[in-house]
1. Measuring from centroid to centroid over Cα atoms, what is the spacing of the range 83-125 and the range 161-185 in Å?
2. Based on alpha-carbon centroids, what's the gap between the range 139-153 and the range 187-256 in Å, whole number please?
3. Neighbouring Cβ atoms within 10 Å as the yardstick, rank 231, 95 fewest first.
4. Within a 10 angstrom radius of the beta carbon, how do 120, 147 rank from fewest other beta carbons to most?
5. Which percent, to the nearest 5, of DSSP beta bridges fully inside the chain are antiparallel?
6. Residue 11 to residue 68: extension gain in nm, 0.36 nm per residue of separation minus the Cα-Cα distance?
7. Give me 34, 78, 137 ranked fewest to most by other Cβ atoms within 10 Å of their Cβ, as a rough exposure proxy.
8. Can you show me the helix-derived [θ] at 222 nm for the chain, built from DSSP H runs with n ≥ 4 at -39,500 (n - 2.57) apiece and divided by the number of residues, rounded to the nearest 500.
Ligand code: UGA
Ligand code: MN
């Protein structure tokens with residue numbers, strides 16, 4: 001089955017670096033279709049060009065985050081969920097596009113939501129490829145922990161190892177699960193709820209799709225970390241700004 005990877009992305013200094021790293025990981029993954037959704041009122045030339053030259057199978061979409069939902073400068077990052085409208089737009093496109101294909105709702109495929117700043121092992125994609133409904137695995141460096149993971153007993157997920165609100169319906173980071181395309185197509189209303197309280201974004205999607213009992217543990221019964229919730233430091237521009245003030249800033253024609 002093809003793996004459909006839905007990625008929200010937004011313009012910032014490190015965007016091209018993030019997307020370059022990500023696209024070059026994906027080049028090593030067979031049968032991967034990248035659905036990249038820009039948080040922007042239009043497709044940007046930077047992303048358009050990067051995708052065109054990437055060598056990947058891809059779909060380029062855009063969907064701006066509503067202004068009242070967008071984090072403002074100075075807001076703490078946990079205040080509002082990020083990437084919501086973009087993931088939902090990716091789902092909308094996928095459902096519409098797949099319906100038009102031969103086979104309709106009965107198609108092999110796996111859907112994975114991959115943020116543009118995480119670090120992905122190639123092994124992760126082979127693990128998720130056999131997803132029947134919803135598969136799960138550990139995520140490293142997340143939630144103020146070395147890792148979070150589903151705890152597996154007798155081949156079933158019985159609880160979650162997490163440092164925060166383990167009673168959430170699905171205390172799993174976005175990077176820690178994949179869903180079969182069939183399940184996505186069979187549940188046309190399933191999407192991410194931007195109004196979901198903090199920590200419940202993933203649950204807002206998974207609730208109604210699956211029960212804990214049905215989760216399929218991957219990565220050696222959830223004992224291996226194959227994806228890391230890395231976050232990229234915001235580059236300091238102190239020198240750049242000082243030089244700009246003297247008319248000696250970096251050439252804006254050079255794409256970074
Ligand atoms: C954590 C989770 O890992 C995310 O999956 C979840 O969406 C997020 O929290 C949340 O609370 O909403 P975190 O590293 O804090 O992730 O979030 P980011 O990596 O900054 O953003 C998640 C994705 O949304 C990224 O792919 C990013 O490019 C995108 N994004 C972020 C936008 O499209 N627009 C924005 O304004 C900000
Ligand atoms: Mn992130």
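Taken together, the values in this text are just the output of simple stated rules run on the coordinates, not laboratory data. From a predicted model like this one, the values you see are computed outputs, not experimental measurements. Glycine also receives a Cβ, built like all others from the backbone with ideal geometry; neighbour counts cover every protein chain displayed.
1. Between the Cα centre of the range 83-125 and that of the range 161-185, the gap is 15 Å.
2. Measuring centre to centre over Cα atoms gives 16 Å.
3. Working: 231 12, 95 17.
Going from sparsest to densest Cβ surroundings: 231, 95.
4. Values: 120 22, 147 19.
The fewest-first ordering by Cβ neighbours comes to 147, 120.
5. Working: 15 of 35 bridges.
Counting only bridges with both partners in the chain, antiparallel ones make up about 45 percent.
6. 18.7 nm
7. Numbers: 34 22, 78 10, 137 26.
Ranked by crowding around the Cβ, least crowded first: 78, 34, 137.
8. Working: 8 runs with 67 residues, N = 256.
So the helix-based figure for the chain works out to -7000 deg cm²/dmol.
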